[in-house]
Amino acid sequence: MPSASSTAIAQQLENLREQLREHNYRYYVLDNPSVPDAEYDRLFRQLQQLEQEHPDLITHDSPTQRVGDRPLDAFSQVTHRVPMLSLDNVFNDQELVAFDRRVRDRLKTEDEIEYVCEPKLDGLAVSVLYENGVLVQAATRGDGQTGEDITQNIRTIQSLPLKLHGAGYPSTLEVRGEVFMPRAGFEEMNRRAAEKGEKIFANPRNAAAGSLRQLDARITAQRPLDMYCYGVGFIAGGELAQTHFDNLQLLKTWGLRINAETKLARGAAELQQYHDAMLAKRNQLAYEIDGIVYKVNSLTLQKELGFVSRAPRWATAHKFPAQEEMTELLGVDFQVGRTGALTPVARLAPVFVGGVTVSNATLHNMDEVARMDVRVGDTVIVHRAGDVIPKVVKVVLEKRPEHTQPIHMPAHCPVCGSDIIKPEGEAVARCSGGLYCPAQVKEAIKHFASRKAMDVEGLGDKLVEQLVDQGLIAHVSDLYRLQVEPVAAMERMGQKSAQNLIDALEASKATTLPRFLFALGIRDVGEATALTLAQHFGTLENIRNASEDQLQEAPDVGPIVASRIVEFFGQPHNLEIIRALREAGVHWTEQEPAAREAGALDGKTYVLTGTLTQLTRDEAKDYLQRLGAKVAGSVSKNTDVVVAGEKAGSKLKKADELGIAIIDESAFIQLLRDHGIKHGTEEI
Ligand code: IVH
């Protein structure tokens, strides 16, 4: 006889389990959780703790008992009480119409047939058996008659109930469905595996299959598997509904997940419509599907139609065009992207995949080439999904011929001839041509002209594209050679806007060393680093001549940035462009750092707020930094002075609260004047 208190604890345990099951049901099946995750976790831990204190009261269907702690030696066999069939396929509109025709002929009716349309998930068919609502066994399809017992692994799928929800289910209920891996989980899993140098799966289906085949359920538990139910197998001790659709709804009330895209349709035309809509949606779904399954809805009609060999006459799969095909790798070219990144591109024997003929596919980068061990002459698997760039995902090693050639990265940029550089530990190799490389030139010019760089007013991205496409400029230095007439002749331009552009270019020539440095677009040299470098070295010449070690003496410059700078100035093309820019009149004031007076505001932190009327925020920042001050974005107790322009808001209030010195614009301008700062041509 259990003691009164142990009965009470058993009650409490069951109560916690019921709450957790209800939350799971709302979360996974209804997609409408009623408590935050933290509350669920709290209940879960509470249950775990109580079970730890009373191990004799742990039940096999408790939500804490998903993962077994002993690996199997082998899978045992399970004989399916109702065979697990496969499906016939149709591949196009005519074949679909013919399927519907055959169904109606056999049923001797001209009435439209009602079908259930379901996405055909690309995973693995499984059978899951519930006895009195408790999950007791799960098996793979195997050959349709006998499969493997994968109960341990199936139990780890969080969205599948260990105990059915609600009531009214048959005492023996075998459900059928598809186990799959959602795309996001698949990608995350591969990313982690790659990081650890472990095996990568070619697609979510293989990953799902590999995960279900684990003898150690602790491994399966770490894989993001999911399952949708799409039918029932053997049942006893209860009844189901009269139609397939209603049965799916019943399964749902019992806590089993049904695909939300499942729809009813009448006649072949509606089936085709559903197919087309899903095909269009295919790549937006969270999981991969390889077609649609149509099933006659009425179970009476299903029975009447029966089976042929191993497939039902009442259902068919409408297959989508394959997204993966095999073909031969004929060669590899290297493409230079807008940031100089070098991409190996596979030249393929043309192959029809994902609905188009593909003869080029990306190989991503040299690390991927090495990982896949792909060689010219290999047979490879090409994947093309939607409008995404086709990619080579795998080599079919069994088909490797004798004389394959390894793929080598070129030493020089195929577009501009500059050195190719691949920093250790990075996957991407890059052309070091930067400003000089035509492949990179548009991005380089856009950056050069941008507000925080040379600040050429009116020279936006579109105009840069147009100027390069028209052949009016090829390098940043060409900007300063532009003439009004050819610019005015361009589409959507005119005399006036052309003149404005030339004037803006002229005005941009007077710049500062930090802006110029930033404008050069040296990788990893952002606005802040450019400023540090300018302050530390004083002149461009000093920066150019500095060694990596010397560069690292500047605050916040580490080995990577230092190496990028040395690399940049080591390229003759870049020096040529700098020379051309200076010849065109780009200038700034330089000061040897030794000659620089100790900044009047060294060590002071300023914050700018509100609108300044006589100078821009950027100019004010420039001037303050020139005097040695730090300019911070927000007010804190470390702020020394707040410059408050018009309509200053919360920063001003905070400064006031903290008792920080506040000056207005005229006091600020006076301060600049006192330290000899000139604005434009006039002293402010
Ligand atoms: S019904 C008698 N429905 O497709 C009906 N199968 O080619 C048997 N599949 O082995 C299956 N989604 O792995 C059905 N909504 C769905 C499905 C589906 C994917 C798979 C399943 C089956 C294969 C048949």
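The values are calculated or read from the model by the stated rules, or taken from the named source; none is laboratory data. If you're wondering where the values come from, they're calculated on a predicted model, not measured in any experiment. Using ideal geometry, Cβ is built from the backbone for each residue, glycine included, and neighbour counts are taken over all protein chains shown.
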Any hit, the range 217-239, residues being of a type in the set (S, T, N, Q), outside any helix (DSSP H, G or I) and under 30 Å from Val380 (Cβ atoms): yes
Listing of strands (runs of 3 or more DSSP E) fully contained in the range 256-324 that carry 3 or more residues being away from the ligand (no atom under 15 Å from the Cβ): none
Unmet requirement for Arg481, which otherwise passes all of (1) over 40 Å from the mean Cα position of the chain (by Cα); (2) of a type outside the set (A, V, I, L, M, F, W, C); (3) more than 20 Å from Gly434 (Cβ to Cβ): (3)
From Ile684, Ile677, Ile663, residue being at pLDDT 90 or above and surrounded by 13 or more Cβ atoms within 10 Å (Cβ to Cβ): Ile663
Filter result for Ala208 (under 28 Å from Ala322 (Cα atoms), more than 13 Å from the ligand (Cβ to nearest atom) and either at pLDDT 95 or above or part of a strand (DSSP E or B) (or both)): no
Selected residue (criterion: nearest to Lys252 (Cα to Cα)) from residues of the range 10-44 that are hydrophobic (A, V, I, L, M, F, W, C) and surrounded by fewer than 16 Cβ atoms within 10 Å (Cβ to Cβ): Leu30
Any pair with Cβ under 6 angstrom, 6 or more apart, that starts in the range 173-187 at a residue that is without any contact (Cβ under 8 Å) to a residue 40 or more places away in the chain and ends at one that is among the small types (Gly, Ala, Ser) and away from the ligand (no atom under 12 Å from the Cβ): Phe186/Ala207
Selected residue (criterion: modelled with the lowest pLDDT) from residues of the range 450-486 that are among the hydroxyl-bearing types (Ser, Thr, Tyr) and outside any loop (DSSP other than H, G, I, E, B): Ser477
Which numbered condition Arg81 misses (of (1) part of a loop (DSSP other than H, G, I, E, B); (2) charged (D, E, K, R); (3) more than 16 Å from the ligand (Cβ to nearest atom); (4) modelled with pLDDT of 95 or more): (3)
Qualifying residue in the range 537-549 (condition: within 36 Å of the chain's Cα centre (by Cα) and over 30 Å from Asp503 (Cβ atoms)): yes
Residue match in the range 401-412 (condition: more than 16 Å from the ligand (Cβ to nearest atom), more than 24 Å from Asp122 (Cβ to Cβ), without any contact (Cβ under 8 Å) to a residue 12 or more places away in the chain and in contact with a Ser or Thr (Cβ under 8 Å, 6 or more places away or on another chain)): yes
Verdict on Val126 being assigned to a strand (DSSP E or B), within 12 Å of the ligand (Cβ to nearest atom) and more than 22 Å from Met278 (Cα to Cα): yes
So Gly267, is it surrounded by fewer than 17 Cβ atoms within 10 Å (Cβ to Cβ), out of contact with any helix residue (DSSP H, G or I) (no Cβ under 6 Å at 6 or more places or on another chain), closer than 15 Å to Asp93 by Cβ and not basic (Lys, Arg): yes
Cβ-Cβ under 8 Å pairs, at least 6 apart or on other chains, the range 342-369 side on the phi > 0 side of the Ramachandran plot, far side assigned to a strand (DSSP E or B): Gly354/His383; His364/Thr343; His364/Pro344; His364/Lys391
Test: residue in the range 21-36 that is farther than 22 Å from His165 by Cβ and more than 16 Å from the ligand (Cβ to nearest atom): no
Which numbered condition Asp143 misses (of (1) outside any loop (DSSP other than H, G, I, E, B); (2) within 16 Å of the ligand (Cβ to nearest atom); (3) not small (Gly, Ala, Ser)): (1)
Test result for Ala600, assigned to a helix (DSSP H, G or I), surrounded by 15 or more Cβ atoms within 10 Å (Cβ to Cβ), at pLDDT below 90 and not acidic (Asp, Glu): no
Among residues of the range 161-180, those that are at negative phi and more than 16 Å from the ligand (Cβ to nearest atom), counted: 11
Residue within the range 558-580 that is free of Cβ contacts under 8 Å to residues at least 40 places away in the same chain, on the phi > 0 side of the Ramachandran plot and in a loop (DSSP other than H, G, I, E, B) present: no
Tally of residues being hydroxyl-bearing (Ser, Thr, Tyr), closer than 21 Å to Thr529 by Cβ and touching a strand residue (DSSP E or B) at 6+ places or on another chain (Cβ under 7 Å) across the range 588-633: 2
Selection status of Val97, over 29 Å from Leu212 (Cα atoms), within 16 Å of the ligand (Cβ to nearest atom), among the aliphatic types (A, V, I, L, M) and part of a helix (DSSP H, G or I): no
Total residues in the range 146-159, condition within 16 Å of the ligand (Cβ to nearest atom) and buried (at least 17 other Cβ atoms within 10 Å of the Cβ): 5
The range 100-123 - residue that is outside any helix (DSSP H, G or I), in contact (Cβ under 8 Å) with a residue 60 or more places away in the chain and away from the ligand (no atom under 16 Å from the Cβ) and, of those, farthest from Leu225 (Cα to Cα): Glu112
First in the range 418-430 and touching a residue at least 12 places away in the same chain (Cβ under 8 Å) and over 20 Å from Pro572 (Cβ atoms), second anywhere and in a loop (DSSP other than H, G, I, E, B) and polar (S, T, N, Q), Cβ under 6 Å, 6 or more apart: Ala427/Asn365; Val428/Asn365
The range 146-190, residues that are within 21 Å of Ile289 (Cβ to Cβ) and part of a loop (DSSP other than H, G, I, E, B): Ile157, Ser159, Leu160, Met181, Pro182
Among (1) within 16 Å of the ligand (Cβ to nearest atom); (2) among the acidic types (Asp, Glu); (3) more than 28 Å from Leu285 (Cα to Cα) - the single one Glu131 does not satisfy: (1)
